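Novice: First, the structure itself, so that you have it in front of you.
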Amino acid sequence: MDPQEHILILSAGDRIHKTYSAVLADLRTVTHTFVFAEKEVYTASARDDTQKRMWKCAIRNAIEEVNAISLSRNIACALVCIDAATFDAIRDPVLGIFSGHPDARFSFDISAGSKRLSMGLFSMSLWVDGDAYYAFGNAPTRRVPVPTLPARNLPANPHYLVILTILFRGQDPKREERALVPKETLFNQTRAWQIPVRDADGETRGLDLSPADFSRMVAALAGWNLITEETSPDHGEETLYSISPEGELALFVYSARMKKRGVAGTSGLT
């Protein structure tokens, strides 16, 4: 079986070759690279001053370096020149690539290039179900966190909030690695939270949580990229969970929305 194609789309800037190497260090399965550049970069104008001519030259040299890096790694590389960095000018070639590679995985590096070009590519990454990355200065490459579940939908099941909160509280802000919580531990801690519900007689009681319901919840959260799931390297049968950057962002947005509404704590949780 042929390996899945992995398309990487870059916004062209004078440091694109440096961010390209950084992204490839994290994305080791890239098979095709497309560099999006504005035609202005390849156009000489009598109105250009010395600084602008040097800027255009630097971008062209950076693109050549990207091509050289691609050749050294056996990655197909192509330049896509667009008339102007308007959304339509960005949208159509991205959709053309998407149509030509319908089963591919898509990633976008929006570190370089103009703001309008990078923002246009970021917008298209959402439409083609791709991941967007950035690497500024000497900082490591980061994926732009985009929750697939709107934060306003989290309270639909209070246990979602409980699970995310438990995983979030287990993080050590001084450590870059994310804390991993065994499934059984996470279940017991989630079950211990008392979520009040009213029965048919109007009486308030605690909502019990079954292992089957818990498994469905963590599967849903993992499917929305709000938590990560992996197998313990030491105990092959043990499943470990951690909160993802998307999960943290979803909690922050939800908390901000509740604060704006004047809600002191997490509604429904005691």
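Novice: For segment 217-226, name all the residues that are surrounded by 15 or more Cβ atoms within 10 Å (Cβ to Cβ) and farther than 12 Å from I163 by Cα.
Specialist: Across segment 217-226, the qualifying residues are W224, N225.
Novice: Yes or no: L24 outside any helix (DSSP H, G or I) and either on the phi < 0 side of the Ramachandran plot or open to solvent by less than 20 Å² (accessible area, probe 1.4 Å) (or both)? Give the derivation first.
Specialist: Working: outside any helix (DSSP H, G or I): no; either on the phi < 0 side of the Ramachandran plot or open to solvent by less than 20 Å² (accessible area, probe 1.4 Å) (or both): yes.
It is false that L24 is outside any helix (DSSP H, G or I) and either on the phi < 0 side of the Ramachandran plot or open to solvent by less than 20 Å² (accessible area, probe 1.4 Å) (or both).
Novice: To continue, here is another question. Can you tell me which condition I59 does not meet? The list is (1) among the aliphatic types (A, V, I, L, M); (2) part of a strand (DSSP E or B); (3) in contact with an Asp or Glu (Cβ under 6 Å, 6 or more places away or on another chain), and all the others hold.
Specialist: I59 satisfies all of (1) among the aliphatic types (A, V, I, L, M); (2) part of a strand (DSSP E or B); (3) in contact with an Asp or Glu (Cβ under 6 Å, 6 or more places away or on another chain) except (2).
Novice: Output the residues belonging to segment 66-113 that are closer than 13 Å to T33 by Cα, touching a residue at least 40 places away in the same chain (Cβ under 8 Å) and assigned to a helix (DSSP H, G or I).
Specialist: V66, I69, V94, I97
Novice: In the list E229, E238, which residue meets the criterion of being closer than 22 Å to R143 by Cβ, modelled with pLDDT of 75 or more and open to solvent by 60 Å² or more (accessible area, probe 1.4 Å)? Write out each step before concluding.
Specialist: Details: E238 fails: closer than 22 Å to R143 by Cβ.
Result: E229 is the single residue among E229, E238 that is closer than 22 Å to R143 by Cβ, modelled with pLDDT of 75 or more and open to solvent by 60 Å² or more (accessible area, probe 1.4 Å).
Novice: Just to be sure before I move on: is A179 open to solvent by less than 50 Å² (accessible area, probe 1.4 Å), on the phi < 0 side of the Ramachandran plot and at pLDDT 90 or above in the structure I sent? Walk me through it before giving the result.
Specialist: Numbers: open to solvent by less than 50 Å² (accessible area, probe 1.4 Å): yes; on the phi < 0 side of the Ramachandran plot: yes; at pLDDT 90 or above: no.
The answer is no for A179.
Here's the yes/no breakdown for (1) surrounded by 15 or more Cβ atoms within 10 Å (Cβ to Cβ); (2) among the small types (G, A, S); (3) in contact with a Ser or Thr (Cβ under 6 Å, 6 or more places away or on another chain):
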position: S45; (1), (2), (3): no, yes, no
position: N67; (1), (2), (3): yes, no, no
position: A78; (1), (2), (3): no, yes, no
position: G100; (1), (2), (3): no, yes, no
position: S111; (1), (2), (3): yes, yes, yes
position: L117; (1), (2), (3): yes, no, yes
position: N153; (1), (2), (3): no, no, no
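Novice: Only one residue in H32, H6 is closer than 22 Å to D131 by Cα and open to solvent by 30 Å² or more (accessible area, probe 1.4 Å). Which one?
Specialist: On the way: H6 fails: open to solvent by 30 Å² or more (accessible area, probe 1.4 Å).
On inspection, the qualifying residue turns out to be H32.
Novice: Sticking with this structure for a sec: Report, by residue number, each residue of segment 2-32 that is closer than 18 Å to P102 by Cβ and either basic (K, R) or in contact (Cβ under 8 Å) with a residue 12 or more places away in the chain (or both). Please lay out each step first, then the result.
Specialist: Start the filter on segment 2-32 by keeping residues that are closer than 18 Å to P102 by Cβ, which leaves 2-9, 29-32.
Passing the criteria: P3, Q4, E5, H6, I7, L8, I9, T29, V30, T31, H32.
Novice: Condition first: of a type in the set (V, I, T), open to solvent by less than 80 Å² (accessible area, probe 1.4 Å) and at pLDDT below 90. Now tell me which residues in segment 47-61 satisfy that. I'd like the intermediate steps shown before the answer.
Specialist: Step one: of segment 47-61, the residues of a type in the set (V, I, T) are 50, 59.
Next, from what is left, pick out any that are open to solvent by less than 80 Å² (accessible area, probe 1.4 Å): 59.
Residues satisfying the conditions do not exist here.
The values are calculated or read from the model by the stated rules, or taken from the named source; none is laboratory data. The structure presented is a predicted model; accordingly, all values stated were derived computationally and were not measured. Using ideal geometry, Cβ is built from the backbone for each residue, glycine included, and neighbour counts are taken over all protein chains shown. With ligands, DNA and RNA removed, areas are computed over all heavy atoms of the protein, side chains included. Shrake-Rupley method; radii C 1.70, N 1.55, O 1.52, S 1.80 Å.
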